[in-house]
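Structure first, then comments.
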Amino acid sequence: MSLKNRSVLVTGGAGFIGSHLVDAIAHEEPESLVVVDNFFLGKEENLKSARETFPDLKIVREDVSDYERMKTILEIEGTEVVFDLAIVPLLASLDRPVWTFRHNIDMTLSVCELARNDYFKTLIHFSSSEAYGTSISGPMDENHPLNGTTPYAASKSAADLLIFSYIRTFGLDVSIIRPFNNYGPRQNEGSYAGVIPLTIKRILSGQPPVIHSDGKQTRDYLYVTDTARAAIQIYNCKNAREKVLNIASGVEVSIEYLVKLIAEYLGYKEEIVYERDRPGDVRRHIANTYLAKDLIGFKPSVSFEDGLKRTVEWYKQVLSEKRAI
């Protein structure tokens, strides 16, 4: 299987992971490529590189939960493949839990109904490692219990269960990718920003970096282009259908090590501030990726330290340009 000459649509394609996926798909020579995004966090500037590669890229400002509008878009474009990344992020669920949960479910339900009614053929849905919660014992494989600790995590677990119900009831052609902690250029540095862009931004603006809790909590970080590559490989692999695949590095990194490494790369030698735990924070995250290795030969191509250097340099340049403007 291949995306060449396919009609492809990416929901949430102007966001962090979504835009890198659109970059990767543009190089696959699809027949058409459409991004649907409500721009809650997405940015049109994130798609500059993809448009250069694929000048006919279409960008539609729309909410994926609107079934009728999505149906019209899919009919007009003759879409065959949907990569579904539309999401309300984790930190939003700490401020607006009801809206976050409902909206994430509504978007997934809309996409499932569109597939059930034959408006497109194949769905590659993006789940989240947050659905697992804290690792119970060592690396988490795809059979690890779903023990999410935030409304966001609960919405991602529920969305996965919803998709499997549609697979079993209606025979949908679906694969679920469960990425762990992605990082790299274009990660949102504004509202609901993650620890990496926040730390970089604080240091560059002369503020001390902040660690919540003792910093011993761990994450499994993967450079975003590796995730984008894996998503395309999952589409290409028929044996990945009706399965969830962890996509991660399999390497455990503490938040304290992460923050201190960013400080080192930026030449920061002042204090680091430790604050109280963040509500619902996961204590330990590390993935078992044997299934992805077996089915698609997945292996990260960018090491954590190299990827973090690239990320720091990208933010230094972008934030410097913004200050100049």
Check: Assigning unit charges at the beta carbon (Lys, Arg +1; Asp, Glu -1) and nothing else, what dipole magnitude in debye, to the nearest 20, does the range 160-288 show about its Cα centre?
Finding: 340 debye
Note to self: Assuming 0.36 nm per residue, please report the length gained on full extension of the stretch Lys316 to Thr169 beyond their Cα-Cα distance.
What the structure shows: 48.0 nm
Item checked: Largest to smallest accessible area among His125, His212, His103 [probe 1.4 Å] -> His212, His103, His125
Next item on the list: Counting helices only, and only those DSSP H runs with n ≥ 4, report the 222 nm mean residue ellipticity of the chain as the sum of -39,500 (n - 2.57) divided by its residues, in deg cm²/dmol to the nearest 500.
Entry: -13000 deg cm²/dmol
Notebook entry, point to check: So which of Lys4/Lys299; Lys58/Lys156; Lys269/Lys316; Lys269/Lys309; Lys216/Lys293; Lys201/Lys299 end up more than 21 Å apart by C-alpha?
Noted result: Lys4/Lys299; Lys58/Lys156; Lys216/Lys293; Lys201/Lys299
Check: Between the range 110-163 and the range 252-284, what's the alpha-carbon centroid distance in Å?
Finding: 28 Å
Note to self: Relative contact order for the range 99-241: what percent, with Cα pairs under 8 Å and sequence separation of 6 or more?
What the structure shows: 26 percent
Next item on the list: Report the percentage of all Cα-Cα pairs in the range 81-202 whose separation exceeds 25 Å, rounded to a whole percent.
Entry: 28 percent
Item checked: Virtual spin-label span in nm between Lys293 and Lys58, 7 Å along Cα→Cβ -> 4.2 nm
Notebook entry, point to check: Magnitude of the Cβ-charge dipole of the chain, K/R +1 and D/E -1, about the Cα centre, nearest 20 debye?
Noted result: 400 debye
Next item on the list: Sort out for me the Cα centre separation of the range 17-61 from the range 290-325, rounded to whole Å.
Entry: 19 Å
Checklist line | Angle in degrees between helix 304-324 and the longest Cα principal axis of the chain, rounded to the nearest 10 | finding: 90 degrees
Notebook entry, point to check: Leu198 accessible area, nearest 10 Å², 1.4 Å probe?
Noted result: 80 Å²
Notebook entry, point to check: With every protein chain present, what accessible area does Glu28 have (1.4 Å probe, heavy atoms only), rounded to the nearest 10 Å²?
Noted result: 60 Å²
Checklist line | Candidates per trypsin sites (Lys or Arg not before Pro) in the range 207-242, loop by DSSP, up to 14 other Cβ within 10 Å | finding: Lys216
Check: Among (i) 0.95; (ii) 0.92; (iii) 1.04, which one is Rg/Rh (Cα atoms, Kirkwood Rh) computed from these coordinates?
Finding: (i)
Next item on the list: Excluding residues on the same chain fewer than 8 positions from Lys322, give the aspartates and glutamates whose Cα lies under 17 Å from its Cα.
Entry: Glu44, Glu45, Glu189, Glu313
Check: Hey, what did the range 1-136 get for relative contact order, percent, Cα under 8 Å, at least 6 apart?
Finding: 25 percent
Note to self: Let me check against my output: what whole-number percent is the relative contact order of the chain, with C-alpha pairs under 8 Å and at least 6 apart?
What the structure shows: 18 percent
Notebook entry, point to check: Is the shape of the range 40-141 best called rounded, prolate or oblate, per the rule: a/c under 1.5 gives rounded, else a/b larger than b/c gives prolate, else oblate, with a ≥ b ≥ c the square roots of the Cα gyration tensor eigenvalues?
Noted result: prolate
Next item on the list: Report the extension gain between Val302 and Arg276 in nm, rounded to one decimal, defined as 0.36 nm multiplied by the number of residues separating them, less their alpha carbon distance.
Entry: 6.1 nm
Next item on the list: Using a Förster distance of 30 angstrom, determine the FRET efficiency expected from the C-beta separation of Ile76 and Glu44, and round it to 0.05.
Entry: 0.90
Next item on the list: For the range 258-318, just say rounded, prolate or oblate: build the C-alpha gyration tensor, square-root its eigenvalues into a ≥ b ≥ c, call rounded for a/c under 1.5, and beyond that prolate if a/b exceeds b/c, oblate if not.
Entry: oblate
Check: Based on the Cβ-Cβ distance of Arg323 and Leu94, what FRET efficiency does E = 1/(1 + (r/R0)^6) give at R0 = 30 Å, to the nearest 0.05?
Finding: 0.55
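The values are calculated or read from the model by the stated rules, or taken from the named source; none is laboratory data. This structure is a prediction, so every number in the text was calculated from the model and none was measured. All Cβ positions, even for glycine, are placed from backbone atoms using ideal geometry, and neighbour counts span all protein chains on display. Side chains included, ligands, DNA and RNA excluded: accessible areas come from the protein's heavy atoms. Shrake-Rupley method; radii C 1.70, N 1.55, O 1.52, S 1.80 Å.
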